[in-house]
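Heads up, the thing below is written out as structure tokens.
The values are calculated or read from the model by the stated rules, or taken from the named source; none is laboratory data. None of these values were measured; they are calculated from a predicted model. Reconstructed Cβ throughout: ideal geometry from the backbone, glycine too, with neighbour counts over all protein chains shown.
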There are 2 protein chains.
Amino acid sequence: MPDTASRSPKGEQTRQAIVAAALGLFRAGGYDATTMRAIADEAGVSLGNAYYYFSSKEHLVQAFYDQVQTEHASAARRVLATETAFAPRLSGLFVAWVDVATPYHAFAGQFFKNAAEPTSPLSPFSPESAPARDASIVLFRTVVEGSDLKVTPELRSELPELLWMLHMGVVLFWVHDASPDQRRTRRLVERIVPLVDRLARMTRLPVVRGIVEDLVVLLRDLRR
Amino acid sequence: MPDTASRSPKGEQTRQAIVAAALGLFRAGGYDATTMRAIADEAGVSLGNAYYYFSSKEHLVQAFYDQVQTEHASAARRVLATETAFAPRLSGLFVAWVDVATPYHAFAGQFFKNAAEPTSPLSPFSPESAPARDASIVLFRTVVEGSDLKVTPELRSELPELLWMLHMGVVLFWVHDASPDQRRTRRLVERIVPLVDRLARMTRLPVVRGIVEDLVVLLRDLRR
DNA sequence: GATGGGACTTGAACACGTTCAACTATCCGC
DNA sequence: GCGGATAGTTGAACGTGTTCAAGTCCCATC
């Protein structure tokens, strides 16, 4: 079952037809209302054949994930190439994600529950999501390392993952955000970034530094 | 269809039999593996009858919610009656929740997705959950107000909701925690509470105070 | 004690995601 | 070109959550 590997020419063609059919139907009618039979029909393959390429309906959503991640990465590169200060770099990353994801907001809410299940491959914490997760964390590492931000070395190494967690929080907020064009999410981003910026710069102050060190130790301890 | 209302004697008896059967089977075999047919059999009613009382399998989960919340509230009252310092009060609340929820960990993750869906009434952010949410926030308010903690007035009024959000974070961690007896969650709690304690007391320092005020303003702005 | 209506109960039927044994196409070594 | 393995393909069948038309029971009203 070649789920993400083994790209022989013939199969790849069918695979992409299924992905195209699925994304089209998802976007048109939502996740739940789109049946695997409809996807197979639309792609011109049999039901069983769709399962040969994607071992579940959820696995089809991984294609959507990859697409958003890829688009975000390229949009992020444009921002990171021009900005040098920490705050605009971070803000740029957040805003770029919202821009990329906005067209899918309605559809995202419907299958978000599947991503929230700990055992689901769609969970951002799952092993299957590790590549996308790591790629995302790399973006935040670039935000930190390419900027003028001065923090302690220990925090500097943990900051990318912390920022990714904040990003997950923004995503959670976005999914629940029913305001037009997700304006509340945009407002959250534009106002939380300066806070993070100030907070990060504050971590070198003697009074704050101790607590940050403890936090870093806790993070490292929980990770193993 | 008397889902949560209309408690005439006859129906209530059947209703409780179904809840008891469901919780027992959920706990024994997990959420997904427990079929509605098995629940109906165990309760001694027909399949259709189970649906007369609970319009979906998800709605049966509300019974679990109510039970955990009730148990947590009473366990919390015991802790809050004996402790006066902020840190042990907060820690007590967190630990009490983990204690209450631990027996259900295996299958809690399986239906956690229901709570994560933005449109679901089971979401902790939904209007339907407002009573349970408010009841929980009240517990955290009691933690703050019954303690020796000194913070600025603005933060003091927002702190209960902030602590509730932290609690949601702990719950999220717990759901994803596969370690035996959820030891990692317990370690997280026991080590993050002192950090929160120090952080809260630090908010009166001039350098930190400004950022806290901005955070409070942001919270209030996003809420409306 | 009939009767009407609401509360309650039933199991067959439906649509869905998923599985699987069987089948066909393709390609590689000889 | 032959044989066999690997890749690709099929649709019927299964178990599930859910719906529904058709009942049965209860009891207030007359």
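All conditions but one from (1) out of contact with any Phe, Trp or Tyr (no Cβ under 9 Å at 6 or more places or on another chain); (2) part of a loop (DSSP other than H, G, I, E, B); (3) surrounded by 15 or more Cβ atoms within 10 Å (Cβ to Cβ) apply to A:T84; the one that does not is (3).
A residue that is surrounded by fewer than 16 Cβ atoms within 10 Å (Cβ to Cβ) and in contact with a helix residue (DSSP H, G or I) (Cβ under 8 Å, 6 or more places away or on another chain) can be found somewhere in the range B:107-120.
Of all the numbered requirements in (1) facing another protein chain (nearest Cβ under 10 Å); (2) modelled with pLDDT under 95, A:E128 misses one, and that requirement is (1). Looking only at the range A:103-125, which residues are in contact (Cβ under 8 Å) with a residue 60 or more places away in the chain, within 20 Å of A:A135 (Cα to Cα) and at the interface with another protein chain (Cβ under 9 Å from one of its Cβ atoms)? Matches in the range A:103-125: A:S120 only. Name the residues in the range B:130-158 that are hydroxyl-bearing (S, T, Y) and either closer than 16 Å to B:A75 by Cα or surrounded by 16 or more Cβ atoms within 10 Å (Cβ to Cβ) (or both), would you? Passing the criteria: B:S136, B:T142, B:S147. Taken over the range A:201-214, residues that are in contact (Cβ under 8 Å) with a residue 12 or more places away in the chain, touching a helix residue (DSSP H, G or I) at 6+ places or on another chain (Cβ under 7 Å) and of a type outside the set (S, T, Y) amount to 2.
Answer with yes or no whether B:Q16 is under 30 Å from B:E145 (Cβ atoms), in a helix (DSSP H, G or I) and either within 25 Å of the chain's Cα centre (by Cα) or of a type in the set (D, E) (or both). Here the answer is no, as B:Q16 does not meet what is asked. Restricting attention to the range B:30-76, the residues being within 13 Å of DNA strand D (Cβ to nearest atom), over 30 Å from B:D134 (Cβ atoms), assigned to a helix (DSSP H, G or I) and in contact (Cβ under 8 Å) with a residue 24 or more places away in the chain number 3.
Looking only at residues in the range B:52-62 that are surrounded by fewer than 18 Cβ atoms within 10 Å (Cβ to Cβ) and more than 14 Å from chain A (Cβ to nearest Cβ), the one that is nearest to DNA strand C (Cβ to nearest atom) is B:Y52. The number of residues in the range B:208-218 being of a type in the set (A, V, I, L, M) and either within 14 Å of A:G210 (Cβ to Cβ) or more than 10 Å from chain A (Cβ to nearest Cβ) (or both) comes to 2.
The test for being within 12 Å of chain A (Cβ to nearest Cβ) and surrounded by fewer than 19 Cβ atoms within 10 Å (Cβ to Cβ) holds for B:R204.
Suppose we keep only residues that are hydrophobic (A, V, I, L, M, F, W, C) and at pLDDT below 95 within the range B:26-42. Which one would you say is nearest to DNA strand C (Cβ to nearest atom)?
B:A33
Quick check: is even one residue across the range A:208-219 at pLDDT below 95, over 19 Å from B:R191 (Cβ atoms) and in a helix (DSSP H, G or I)? Within the range A:208-219, not a single residue is at pLDDT below 95, over 19 Å from B:R191 (Cβ atoms) and in a helix (DSSP H, G or I). Screening A:P194 on (1) within 10 Å of chain B (Cβ to nearest Cβ); (2) free of Cβ contacts under 8 Å to residues at least 24 places away in the same chain; (3) of a type outside the set (F, W, Y) shows it passes everything except condition (2).
Here is a check on your reading of the model: is A:V100 of a type in the set (V, I, T), within 21 Å of the chain's Cα centre (by Cα) and within 14 Å of chain B (Cβ to nearest Cβ)? Considered against the rule, which asks whether it is of a type in the set (V, I, T), within 21 Å of the chain's Cα centre (by Cα) and within 14 Å of chain B (Cβ to nearest Cβ), A:V100 comes out as no.
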